[in-house]
Amino acid sequence: MALFDASPRWTVTNLTRHLRHLFEEDPDLQGIWVEGEISNLSRPASGHVYFTLKDAGASLRCVMWKTEAARLRLILQDGMAIEAHGSLGIYDVAGQYQLYADSIRPLGEGALFQEFLRLKALLEAEGLFEARRKRAIPASPRRIGIVTSRTGAALRDMLNTLRRRMPLAEVVLAPTPVQGEEAPLKIVEALRDLNRVVQPEVILLARGGGSIEDLWAFNDERVVRAVSESQAPVITGVGHETDFTLADFAADLRAPTPTAAAELATPVTALELWQGLVVVSRTLTESMEILIDQKRILLDGLKSGLRLSSPLRKVQTERQRVDDISRRGHAAQAHRLELAETRMIGLENRLAALSPLAVLKRGYAVVTKNKKVIASKHQVKDGDGLRVRVQDGEFSARVSGEEM
Amino acid sequence: MAKNEIKPIENLNYEEAFAELEKIVAVLESGEKPLEESMSLFERGQALSKRCADLLDKAELKVKELAGEELTDFEENE
């Protein structure tokens, strides 16, 4: 080779910088997805993550800085098939090109997400997710249908919640697999069977947390349509708080978890029924007491009226015949009043025997303010004086202001 | 309401018993009925109140399983 040829001359640094600029100015190498399998994964104390992405033909060094690595929602492992998003650059010191990754997702998730968006747009255009389609959840359903796996924690969570909140209810489980090939069809059948055979007032469609693939049955078009066609309103509780499926969009109500779905299905709890019963039972007794008081006042009035118009006075001024008639009339009226009074006393005794508030004996209390029964937290404010009636008497209490 | 009154109290579910109890209370509060009739309504009300309390007291979540057309008791395995 000639000593004075015209070939370009570089320092290593300059050449490397030149290459880096070529990379950085090529839009096909910046902000890209690269799919491959993870190998040589290492996570030193710095917190940065280093690995190699490879496929059958090649390999690519990758680095993910600590701040991005902290946002990862999957645990990287050697052998895992992923898609890494980032930009290609050069690490000058090592003379090595590499991918500076800013996010990583499992391979296939991208395709799933595209399918999710396509189906969502389609069903949305059909009006399946419209607010006006959503039906109200009954306040106190007696019959609750559940569609979920027989063995999952989701079922146990829901049954425990329903048992605690509303043990008067009856639950009908239509067990079905909630993931895998056959899950969508089985879920559709379970929803149809429940509606046809049992006619529950509300249906819970639920599954515990899992990966996006695990939850995929709830994005199946058949399942979404079955949810929107269900006669009974459907509450979904699929996965965790952050998971949204198409079944959620089609449901009449979406709960963040199975437990929350069971809570939403029982807006009124047994405890609230107890409280309502105490209030109504008390009103029953009081209204009867008031009725009897009113009649007694009426009776007392009639009796004193009778004394004032005593026949003795009239004897002196009226003729004997008239007096006789009058006396008979008054005697008859006095007799009627006597009968009425006897009956009144009988009623009062019966009332006393039946009264008051058998429910209080169970440890419940009636709380009043200014003689008005308190049935809501909105009726009291900090510092209000209250009367608390329990089975053997009354005492005063004061509102401390701390809302539970 | 007339129909409910002849239905034996032990056959009423919670909602039925409570709804009738509320109706009775409304009638008593209106003060429109004669005293004797009010008293029988009150006694019926007391029985309904007790029925409701009993139902709440003894309530136990019933869990059934549906397979096709078939409804069976569901066995919970902890």
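Structural remarks
- Some residue of segment A:259-269 being out of contact with any helix residue (DSSP H, G or I) (no Cβ under 7 Å at 6 or more places or on another chain), part of a helix (DSSP H, G or I), within 12 Å of chain B (Cβ to nearest Cβ) and open to solvent by less than 60 Å² (accessible area, probe 1.4 Å): no
- A:Leu185 satisfies every condition listed in (1) open to solvent by 10 Å² or more (accessible area, probe 1.4 Å); (2) not in a helix (DSSP H, G or I); (3) not β-branched (Val, Ile, Thr) except (2).
- So A:Leu194, is it within 12 Å of another protein chain (Cβ to nearest Cβ) and touching a helix residue (DSSP H, G or I) at 6+ places or on another chain (Cβ under 9 Å): no
- Failed criterion for A:Ala169 (all others in (1) touching a residue at least 60 places away in the same chain (Cβ under 8 Å); (2) within 8 Å of chain B (Cβ to nearest Cβ); (3) surrounded by fewer than 23 Cβ atoms within 10 Å (Cβ to Cβ) hold): (3)
- Which numbered condition A:Leu277 fails, given (1) more than 16 Å from the chain's Cα centre (by Cα); (2) more than 8 Å from chain B (Cβ to nearest Cβ): (2)
- Checked against the criterion of being assigned to a helix (DSSP H, G or I), at pLDDT below 95 and not hydroxyl-bearing (Ser, Thr, Tyr), segment A:166-176 has no qualifying residue.
- Any hit, segment A:32-48, residues being out of contact with any helix residue (DSSP H, G or I) (no Cβ under 8 Å at 6 or more places or on another chain) and among the acidic types (Asp, Glu): yes
- Top-ranked residue in segment B:44-63 [being within 7 Å of another protein chain (Cβ to nearest Cβ) and open to solvent by 50 Å² or more (accessible area, probe 1.4 Å); ranked as farthest from A:Ala190 (Cα to Cα)]: B:Lys50
- Inter-residue pairs, beta-carbon under 7 Å, first over 18 Å from A:Ser228 (Cα atoms) and in segment A:241-265, second of a type in the set (Lys, Arg), 6+ apart: A:Glu263/A:Arg165
- Check on A:Thr176, over 17 Å from A:Arg254 (Cβ atoms) and within 14 Å of chain B (Cβ to nearest Cβ): yes
- Check on B:Glu20, more than 30 Å from A:Leu155 (Cβ to Cβ), at pLDDT 90 or above and either touching a strand residue (DSSP E or B) at 6+ places or on another chain (Cβ under 7 Å) or among the acidic types (Asp, Glu) (or both): yes
The values are calculated or read from the model by the stated rules, or taken from the named source; none is laboratory data. What you are looking at is a predicted structure, and each value in this text was computed from that prediction instead of being measured. Note that each Cβ is placed from the backbone with ideal geometry, even for glycine, and that neighbours are counted across all protein chains shown. Just so you know, the surface numbers come from the protein's heavy atoms only, side chains and all, with ligands and any DNA or RNA stripped out. Shrake-Rupley method; radii C 1.70, N 1.55, O 1.52, S 1.80 Å.
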